[in-house]
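Here the structure is laid out as structure tokens; the discussion comes afterwards.
The values are calculated or read from the model by the stated rules, or taken from the named source; none is laboratory data. These figures come from a predicted structure and were not determined experimentally. When we count neighbours, we look across all protein chains shown, and the Cβ atoms used for this are built from the backbone with ideal geometry, even at glycine. Please note that ligands, DNA and RNA were not included when accessible areas were found on the heavy atoms of the full protein model with its side chains. Shrake-Rupley method; radii C 1.70, N 1.55, O 1.52, S 1.80 Å.
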Amino acid sequence: MIFKAGLFTPRPTETFLRTRLTALLRDTHLHPPDPHALLEAVVPLLPPGPSTFLDPYLLQIASALSSHFIAHPAAPADLAALTAALHHCASRLGLNAVRARSRTALDSRKASAPLVDFLLAESRASDRARLVLAALEACLARGAGDKNARVLVPVAAAWAVLRAAAGAHTAPPDALALPHASTVLAHLAATDSDTPAARAAVEQLCAHADDAALPATPDALGRQLDAVRHRGKVGTLDALWCAFRAQLDGTQSPGPLMDRKWEAAAKFLFVFRALAAGRGAVMDRAVVSDADRAQAAERAADVLAMTPRPRPPPVVHALLASFWTKDDVVDAEKDRRAAVRAIWADADKDARAYAMYMDALAHTGGHDEIPAVWDELVGDDKCRLEHANEKGIDPKNMAWPSTEMLNDTLSRLFRSPSRQPPAPPSLAHAAGLALYARAIDPGTSLRADVVTINTVLRHVQHLPPNSGLTAQDVIAAAACLGLTPDIVTYTTLVQAHLRAGDAAGAQRVLDAMRARGVEPNERIAGVLVAELARAGTRDGLRQAEDVVRDARARGLRLSEHAWTSLVAGYFAGGWHAEGWQAFKRMQSAGAPPSIVTYNVVLRAAGGRAGAAVEAGAHADPRREERSLQLRLVRDAVQRRLRLDEDTYAIALGALCRARAWADAKEIVHIMKSQAFMPRAPSLVKLVRQAEGAR
């Protein structure tokens with residue numbers, strides 16, 4: 001389709017930009033996208049901040065752009081945009097591969113191959129090399145402050161080659177987590193670009209990346225320690241600690257880190273505790289050995305032995321952070337809660353320490369202890385004055401505790417495990433409601449805002465009718481405080497009415513919202529579709545489709561969650577043909593299915609009738625079911641989705657029941673190629689059954 005000039009506004013909507021990109025990338029195995037059009041579509045979607053929209057397409061975009069523009073060099077005016085697009089793809093792919101750990105099918109170094117190939121190709125001409133280098137270093141400088149940003153070894157080597165070709169001698173951007181020079185030189189030696197000029201550029205580029213040299217600031221130290229830990233260099237961590245300890249105990253002259261010594265000590269403490277817990281090398285997929293874990297535990301104890309009592313706030317932060325991170329196991333909840341209490345009893349407390357301690361209690365099941373900690377915070381004048389000084393606010397005119405602390409604490413209290421009725425309200429819930437009552441009392445120092453109102457509204461949805469607090473009460477309190485409801489407020493109210501089966505009430509909220517000049521957005525449209533389709537009833541699905549049509553007419557893009565709920569609703573109600581049509585419409589609308597979506601349709605495909613309806617034939621449902629299961633799994637893999645236990649269990653379960661051993665073996669092969677290790681006994685049994693079949 002050719003779009004006429006002036007058909008769209010000068011600033012196209014986000015929905016249009018996303019739809020244009022997904023249209024270009026649809027059926028690329030049949031119709032490869034035009035690289036120039038692809039670049040034009042990608043650039044407006046490059047985010048100034050974190051964004052995940054492009055993630056399913058990153059490798060596809062990078063490969064298409066790199067391969068074409070290496071063979072057919074881009075115009076000089078396009079080099080900056082092309083470099084930015086390839087750098088974004090490489091950075092996100094590398095970061096996602098690191099986060100996925102051993103379950104990713106994409107190695108973090110292979111993720112950078114399209115960018116590296118492009119940089120090396122552009123290094124052949126010095127004038128183009130200078131343009132590309134300027135664009136690359138601008139991208140790197142923008143990401144330098146991100147603690148997760150790292151320059152991978154192949155990128156560092158290609159960067160050095162580019163600098164040599166451009167004749168650059170300036171210092172690289174500050175605060176970059178660069179690999180060690182020896183590692184980059186070793187990589188460079190295995191390529192065709194190993195020249196004396198390139199090696200000199202590596203030495204200059206990575207001069208400040210000496211693993212064994214202490215940096216000047218705690219923040220830089222944290223990035224360095226994290227990078228060394230990801231590479232599994234426990235010996236280097238030990239050497240860095242010994243160098244720092246020598247300055248700390250006075251056996252060596254003090255360096256710049258001594259000005260903020262306890263912040264630096266906290267960086268060491270967190271890394272050593274992470275290693276002792278088995279969270280070690282990620283980039284190189286190495287496993288932390290028992291000996292390394294024992295050594296790290298000794299070093300963590302060494303750090304604590306060097307710190308005064310009570311523990312300085314940065315050390316308290318590191319101790320609390322390493323007790324409730326999501327990588328920890330939670331089967332020893334009581335023991336961990338006792339350890340957290342012991343940390344708190346020996347802590348010099350600041351506002352951040354209070355917040356982290358309450359989070360630690362919430363993550364270890366100690367919700368009922370949070371109210372006492374809140375009262376301690378309210379009466380901590382030293383903490384109040386320090387917080388006011390840090391924020392540059394007059395303590396006499398400052399809300400204490402701050403509104404942000406208030407909202408975070410309410411969320412912690414309301415997340416207590418017994419939230420769902422008919423369980424009786426816990427002490428944490430009662431304390432949350434009492435804290436809310438104080439927040440809306442003009443006579444206290446607390447100041448509620450619209451986030452406070454929204455937090456309480458979400459909790460009120462789960463209270464029984466006779467609880468004494470209703471959504472109407474919360475809205476009335478907001479009005480007395482002069483707080484204006486926002487789109488989140490209205491969305492929460494609409495969701496509450498729909499879950500209670502009160503469609504008329506939801507409509508009244510929508511009418512009131514429009515009367516206040518607040519127009520529906522993607523979020524509220526998604527909530528409407530999800531809630532209306534949830535039960536799979538004829539009326540609910542019809543109303544959900546009305547919302548879909550209205551949203552599209554307004555130019556609103558429905559979320560993946562909304563589309564998945566619609567698809568699931570059709571299947572739940574037995575409307576299989578409509579469910580498969582909704583699945584196809586979802587993709588046509590530019591909403592890439594998630595792994596949750598695929599699990600929904602895989603379950604539907606597990607029924608013979610559902611599979612036959614999708615295939616358009618009822619003659620041999622079992623045969624269609626087998627091919628459909630494999631086709632869906634392959635499609636999910638092609639979209640770069642991370643298949644989970646449910647995906648494999650649903651697909652293998654259906655194929656094994658149908659005795660479709662060839663397709664079942666193919667699923668197992670896909671599982672192994674994704675480096676996925678089954679854990680659930682039922683899935684392990686299915687894998688063995690498929691592998692052992694003849």
For this session: Quick one: of K110/K267; K110/K672; K267/K349, which pairs are farther than 20 Å apart, Cα to Cα?
Result: K110/K267
For this session: Output the peptides 362-375, 336-349, 500-513 sorted from most to least packed, where packing is the average of other Cβ atoms within 10 Å over each peptide's residues.
Result: 362-375, 336-349, 500-513
Exercise. With each pseudo-label sitting 7 Å past Cα toward Cβ, what's the L469-H36 distance in nm, one decimal?
Worked result: 6.1 nm
Exercise. Separation between the A294 and C480 pseudo-spin-labels, each 7 Å from Cα along Cα→Cβ, expressed in nm?
Worked result: 6.4 nm
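When ranked by the protection proxy of mean other Cβ atoms within 10 Å per residue, highest first, what sequence do the peptides 129-140, 188-199 form?
Peptide ranking by packing, descending: 129-140, 188-199.
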Problem set entry | Note, ³J(HN,Hα) from phi for segment 290-298, Karplus 6.51, -1.76, 1.60, rounded to Hz, x at Gly and Pro | 4, 5, 5, 5, 5, 5, 5, 5, 5
Problem set entry | Computed FRET value (nearest 0.05) for A504 with V43, which takes r as the C-beta separation and R₀ as 35 Å | 0.15
Exercise. Which of the residue pairs K584/K665; K233/K685; K233/K261; K233/K391 have a Cα-Cα distance greater than 32 Å in the structure shown?
Worked result: K233/K685; K233/K391
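May I ask you to give the percent of accessible area on segment 625-679 that is carbon plus sulfur, with a probe radius of 1.4 Å?
49 percent
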For this session: Can you tell me the order of 37-44, 242-249 when each peptide is scored by its average per-residue count of other Cβ atoms within 10 angstrom, highest first?
Result: 37-44, 242-249
Exercise. So for the pair A125, R552, with labels modelled 7 Å out along Cα→Cβ, what separation do we get in nm?
Worked result: 4.6 nm
For this session: Using a/c under 1.5 as the rounded threshold, could you call segment 460-536 rounded, prolate or oblate? The axes a ≥ b ≥ c are square roots of the C-alpha gyration tensor eigenvalues, and prolate needs a/b larger than b/c, oblate otherwise.
Result: oblate
Exercise. Heavy-atom accessible area per residue, segment 516-610, 1.4 Å probe: how many Å²?
Worked result: 43 Å²
Seminar exercise, completed: Residues meeting the amide H criterion for R311 (H placed from the backbone, H to H distance under 5 Å, 5 or more places apart or on another chain) are A347, D348
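Expressed in nm to one decimal, what extension gain is obtained for the pair K110 and A23 from 0.36 nm per residue of sequence separation less their Cα-Cα distance? Working shown, then result.
On the way: separation 87, 0.36 × 87 = 31.32 nm, distance 2.65 nm.
Residue separation times 0.36 nm, minus the Cα-Cα distance, leaves 28.7 nm.
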